1. From the set of residues in the range 88-117 that are of a type in the set (Ser, Thr, Tyr) and either assigned to a helix (DSSP H, G or I) or buried (at least 16 other Cβ atoms within 10 Å of the Cβ) (or both), which is modelled with the lowest pLDDT?
2. Please specify each residue of the range 195-216 satisfying the condition of being among the aliphatic types (A, V, I, L, M) and more than 14 Å from the chain's Cα centre (by Cα).
3. Hey, could you check the range 223-280 for residues that are touching an Asp or Glu at 6+ places or on another chain (Cβ under 6 Å) and in a strand (DSSP E or B) and say which is surrounded by the most Cβ atoms within 10 Å (Cβ to Cβ)?
4. Residues in the range 117-140: is at least one within 21 Å of ARG222 (Cβ to Cβ) and either among the hydrophobic types (A, V, I, L, M, F, W, C) or without any contact (Cβ under 8 Å) to a residue 12 or more places away in the chain (or both)?
5. Could you check the range 139-163 and list, in sequence order, the residues that are in contact with a Leu (Cβ under 8 Å, 6 or more places away or on another chain) and crowded, with 21+ Cβ neighbours inside 10 Å?
6. Among the residues of the range 36-62, count how many are in contact with a strand residue (DSSP E or B) (Cβ under 8 Å, 6 or more places away or on another chain) and surrounded by fewer than 17 Cβ atoms within 10 Å (Cβ to Cβ).
7. Please determine, by comparing only the residues of the range 150-194 that are assigned to a loop (DSSP other than H, G, I, E, B) and aliphatic (A, V, I, L, M), which one is modelled with the highest pLDDT.
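The values are calculated or read from the model by the stated rules, or taken from the named source; none is laboratory data. The structure displayed is predicted, hence computed values, not measured ones. Cβ: placed from backbone, ideal geometry, glycine included. Neighbour counts: every protein chain shown.
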Amino acid sequence: MKALVTGGGGFLGGAIARHLHEAHHDVIVVGRHHYPHLPKSLKSAQVDIRDLDALRKTMAGVEAVFHTAAFAGIWGKAEDFYSINVEGTRNIIKACRLNGVQKLIFTSSPSVVYGTSSLKGVDESVPYPNDYLCEYPRTKAIAEKMVIEANNADLATVSLRPHLIWGPGDPHLIPRLLAKAEKGSLLQVGQGDNEVDIIYIDNAVQAHIKACESLDIDNRSRGKVYFVSDGEPVNLWQWIGEVLQKSGRPPVTKNISYQTASRLGGFLEGLYGLLNIKQEPPMTRFLASQLATSHYFNISRAKKDLGYMPLVSSAEGMNRLIAYLSGSPEY
C-alpha cells in the first residue's frame, strides 16, 4: 500500500508513519517543516495542506491518506484554526478525489461533541453542541462533518476521536504538566473527582491502522466516526498525581473551584484578545471545563466495527512513560 500521512512530524502522525514504514508500506510524510527525528528512509514532502496544487502533486499514486494534521490548541486566531482545520481538510478531500485515493482516515477529536458539561460513557450518537468554548473543537467538528459527507463509492472515509494521546515522546501533554508542576503553577480545577479517557500512543496508532483495514473488509465503518481510548477511564487528578510522583516532580497542592477558574478564563480571554496577546492565557473557559468535568466515552462501536482492542493498558503505559522520563536506554 502506498500511504500518505499529513502531520507526519507530529506525535501521532509520526508514529503512524513509522508503523506503516516498518510494515514495509510505501509511506510519504507531509508537513510544513523538515522532521529530522523521523527515519531517514521515510519519504517526506514539505507541503502546506492549504496548498491544493502541492497536495495534488504529492498525492499522486497514493491509495490511503491518514490525515492527522491540525492546528491544535486552546488559543489563537479564528482564521488560523479555520484555514488549517477546515480549508486544509477540504483540500485533502479534493486532492484525494483528483488522485483517485481509495481511503481517507481522519483524526478528529472527542472535543467536537463537548459543550460545557460532563460526558460520561456516551457513544457516537451524542449530538454536536450548539456552542463551543474555543475554535479548535468548532473547526474540527466542521472538518469531521466534511469527511463524513465525503464518503462515497470512490472514496471510503472513516473518522476517529482519540482523547488525550500520551506516552513516551509526547511533546505536548506530559511536558506541559511537568513544566507547570516544577514551577508550582499547576492548579487542581474543581473537586478532583472527574474521570477522563486517555489513549496511549501505541493504542492510537493501532486504532488508525484498524480503521484503514476495516475499509477493505465491509461497509460498516465507511462514513462513520469512532471514539477510541485505552478503554479504562482514569481519575484525571489522581493520574496527574501519579505521573508527577513517579517522575519525581512536586505534587499539586493548590486548587481552584470550577466556577472561579471559568470566570478567570473568560476574563483573561477578553483581556488577551483586547491587547492582541498571542501567548496562550494561563486559563481559559475551555481549559477550566476540561480540567474540572468528566469526559469519557463508550468505545464498543470501535471494538465491533474496527476490531479495535487496546494493546497497552494504562498501567503498562505508565511504566513505559516513567522509564522514558527516567532516561531508559530503551527510549
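1. Of the residues in the range 88-117, the ones of a type in the set (Ser, Thr, Tyr) are 89, 107-109, 111, 114, 116-117.
Now restrict to residues that are either assigned to a helix (DSSP H, G or I) or buried (at least 16 other Cβ atoms within 10 Å of the Cβ) (or both): 89, 107-109, 111, 114.
Numbers: THR89: 98, THR107: 98, SER108: 97, SER109: 96, SER111: 96, TYR114: 93.
Once the filter is applied, the top-ranked residue is TYR114.
2. Filtering the range 195-216 down to residues among the aliphatic types (A, V, I, L, M) leaves 196, 198-199, 201, 204-205, 207, 209, 211, 215.
Scanning the range 195-216 gives VAL196, ILE209, ALA211, LEU215.
3. VAL225
4. Yes, because at least one residue in the range 117-140 is within 21 Å of ARG222 (Cβ to Cβ) and either among the hydrophobic types (A, V, I, L, M, F, W, C) or without any contact (Cβ under 8 Å) to a residue 12 or more places away in the chain (or both).
5. The first filter runs over the range 139-163 and keeps only residues in contact with a Leu (Cβ under 8 Å, 6 or more places away or on another chain), leaving 147, 150, 155-158, 162.
The answer is VAL147, ALA150, ALA156, THR157, VAL158, PRO162.
6. Total satisfying the criteria: 4.
7. Step one: list which residues in the range 150-194 are assigned to a loop (DSSP other than H, G, I, E, B), which gives 151-155, 163-164, 167-172, 184-186, 190-194.
Checking the rest, the ones that are also aliphatic (A, V, I, L, M) come to 153, 155, 164, 186.
Details: ALA153: 92, LEU155: 96, LEU164: 93, LEU186: 90.
So, considering only residues that are assigned to a loop (DSSP other than H, G, I, E, B) and aliphatic (A, V, I, L, M), the one modelled with the highest pLDDT is LEU155.
Per-residue answers, yes or no, for (1) more than 25 Å from PRO175 (Cβ to Cβ); (2) under 19 Å from the mean Cα position of the chain (by Cα); (3) not charged (D, E, K, R):
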residue	(1), (2), (3)
ASN276	yes, no, yes
LEU287	no, yes, yes
GLN290	no, yes, yes
LEU306	yes, yes, yes
MET309	yes, yes, yes
ASN319	no, no, yes
ALA323	no, no, yes
GLU330	no, no, no
